[in-house]
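In what follows, a single structure is set out as structure tokens and then discussed.
The values are calculated or read from the model by the stated rules, or taken from the named source; none is laboratory data. Because the structure is predicted, anything quoted here is derived from the model rather than measured. Cβ atoms come from the backbone with ideal geometry, glycine included; neighbour counts cover every protein chain shown.
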Amino acid sequence: MLFWFVCAHAQTTPPVSFSYDPDGNMTARYVVKTEAPKTRSSEENTNSEQKSQTEDILSVVLGEQTISIYPNPTTGNITLGVTPLDSRQKNFLRLYNSFGQLLITMQIHQDLTPLEIKGPAGIYLLDIYLGENVSQWKIIKE
């Protein structure tokens, strides 16, 4: 019953991101708006059918940086974009499953970082640390 509530609630609420200070206190809450779908041209598409694909890009401004995650929902692979990435800061991410178990800790070294979610379908939580700023994301794997 609780699983059904979480899944139903996840589909009806907009994505939300939070910022925290170094002491762990929440300093801001952002409702993340989905941009218009981005279409890839058939030249960029590597599959044999050469169909155009759309991706929903979720993005939020955190300080002077913009964080984008796509596609969400995903089938397993997502891309994290951070622009501009300040390499002088400690930038990393942590991915948790719906039970709160830490699955991945990974440094962010590039503006675009691919991430593979190897677990089963469900809801995953992604914490992104950019220096002293923290942003939390809900990722849905289909």
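Okay, here's what the table says:
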| read-out | value |
| --- | --- |
| Identity of the residue in segment 122-142, under 11 Å from the mean Cα position of the chain (by Cα) and of a type in the set (Val, Ile, Thr), that ends up nearest to residue 89 (Cα to Cα) | 128 |
| Of all residues in segment 101-130 being in a loop (DSSP other than H, G, I, E, B) and in contact (Cβ under 8 Å) with a residue 40 or more places away in the chain, the one that is farthest from residue 74 (Cα to Cα) | 118 |
| Strands (runs of 3 or more DSSP E) contained entirely in segment 61-100, each with at least 3 residues that are touching a residue at least 40 places away in the same chain (Cβ under 8 Å) and not polar (S, T, N, Q) | 77-83 |
| Single condition residue 56 does not satisfy, out of (1) at pLDDT below 90; (2) over 22 Å from residue 138 (Cα atoms) | (2) |
| So residue 119, is it among the small types (Gly, Ala, Ser) and either modelled with pLDDT of 95 or more or within 12 Å of the chain's Cα centre (by Cα) (or both) | no |
